[in-house]
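Engineer: Just dropping this structure here.
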């Protein structure tokens, strides 16, 4: 394991800056890799023409930054799975719109030379209506019970996505968040095995897993995602009352996620995953850029603690 180095990246939107300024900040903080998504004050990525995509690529190259992942906004994040019919979901207006956005993202990825695009994985019942009615069940079951009919829908939906991924020659990384079906490594692994696609990857979110009540995220969780791991979405939080969905975001390494153990697992297995630094918290100054600098500094301290070169 001598000479092993982590790949340090950044989730660009959390700097809350226009593209050129965000890239300058990313480079200054020491990022080598960039997770691209829509930025404030900029045209959405899916609306860029080829010349604008080429300009984006030039800006990255000029700063020595490598795009490792690209997203099309928040595809499939706010669509409730229960609103889709198994037989004809591709005709559902919101599903169709998000799938079209994802396909355009694949086209942009090919032009940029990015091998992986990302998407979300549909909302549990009631998540974007009132009161998160299924949250207590999900917390008590350490992630939620995915019914057979819902797994069939997920497999159908992502089979359509993977058909497009094959056509464009890219992989698809599923994101993790508490309100979507891949909220835990266990739920992700169940979907991955049911889907059986060679194009499937994951952006691992240990803080989101922990927030959903998953036990042993650092070890068992790593084992679940390891065959599919493309990168980590790094943020931290403290769970105050899990059953009532009360939690608070905080600087990296100051919350409940055992990042030292996670880093050691990554080192032991010589993982090529990119550590994509995010924030979600704000310091007293209210500066998103300061929050990102804090998390980069804290990540380096965690890496030293884990005995790994950065």
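Only the coordinates and a few stated rules stand behind these numbers; no lab work does. On a predicted model such as this, the values are computed, not experimentally measured, just so you know. When we count neighbours, we look across all protein chains shown, and the Cβ atoms used for this are built from the backbone with ideal geometry, even at glycine.
Engineer: Return one quarter of the surface area of the convex hull spanned by the alpha-carbon atoms of the range 41-96, equal to its mean projected area, in nm².
Structural biologist: Working: hull surface 22.7 nm².
Average of the hull's projected areas for the range 41-96 equals 5.7 nm².
Engineer: Can you match log10 I(q)/I(0) by the Debye sum over Cα atoms at q = 0.07 Å⁻¹ to one of these, (i) -0.25; (ii) -0.42; (iii) -0.31, based on a calculation from the structure here?
Structural biologist: Looking at log10 I(q)/I(0) by the Debye sum over Cα atoms at q = 0.07 Å⁻¹ for this model, the match is (i).
Engineer: Right, here's the next one. Given the options 247, 222, 120, which has the most mean-square fluctuation in a GNM of the chain, springs set between C-alpha atoms less than 10 angstrom apart?
Structural biologist: Top of the fluctuation ranking is 247.
Engineer: Calculate, in nm to one decimal, what residue 80 and residue 282 gain on full extension: separation in residues at 0.36 nm each, minus their alpha carbon distance. Present the calculation step by step, with values, prior to reporting the outcome.
Structural biologist: Details: separation 202, 0.36 × 202 = 72.72 nm, distance 2.96 nm.
Gain in length upon complete extension: 69.8 nm.
Engineer: Can you work out the FRET efficiency for the pair residue 43 and residue 220, with r the C-beta to C-beta distance and R0 = 25 Å, to the nearest 0.05? Write out the running numbers ahead of the final one.
Structural biologist: Details: r = 42 Å, r/R0 = 1.68.
Here the calculated transfer efficiency is 0.05.
Engineer: Over all distinct alpha-carbon pairs, what is the Kirkwood Rh of the range 87-195 in angstrom?
Structural biologist: Over the range 87-195, the inverse of the mean reciprocal pair distance is 14.9 Å.
Engineer: While we're on this one: With r defined as the distance between the Cβ atoms of residue 151 and residue 87 and R0 fixed at 22 Å, what FRET efficiency is calculated, to the nearest 0.05?
Structural biologist: 0.90
Engineer: Hey, another quick one. Checking a compactness column here: for the range 1-135, what do you get for Rg(Cα) / (2.2 N^0.38 Å), N being the number of residues?
Structural biologist: It is 1.22.
Engineer: When the chain is fully extended, how far beyond the present Cα-Cα distance does residue 140 get from residue 115, taking 0.36 nm per residue of separation? Don't skip to the end; give the middle numbers.
Structural biologist: Working: separation 25, 0.36 × 25 = 9.00 nm, distance 3.72 nm.
Taking residue 140 through residue 115 to full extension adds about 5.3 nm, to one decimal.
Engineer: Could I ask something else about it? Where is the GNM fluctuation largest for the chain (alpha-carbon springs, 10 angstrom cutoff): 131, 223, 242?
Structural biologist: 131
Engineer: Counting only DSSP beta bridges with both residues in the chain, tell me the antiparallel percent, nearest 5.
Structural biologist: In the chain, DSSP labels about 15 percent of beta bridges as antiparallel.
Engineer: What percent of all Cα-Cα pairs in the range 169-310 falls in each 5 Å bin, counting up from 0?
Structural biologist: 2, 10, 20, 22, 20, 15, 8, 3, 0, 0
Engineer: Using a Gaussian network for the chain with springs between C-alpha atoms less than 10 Å apart, which of these wobbles most: 167, 238, 63?
Structural biologist: Result: 167 has the largest fluctuation of those listed.
Engineer: Divide by every residue of the chain the summed helix terms, -39500 (n - 2.57) for each DSSP H run of at least 4, and state the resulting mean residue ellipticity at 222 nm, rounded to the nearest 500 deg cm²/dmol.
Structural biologist: So the calculated ellipticity at 222 nm is -12000 deg cm²/dmol.
Engineer: If you don't mind, another one. On a C-alpha basis, how far is the centre of the range 232-302 from the centre of the range 83-151 in Å? Whole number, if you could?
Structural biologist: Result: 24 Å between the Cα centres.
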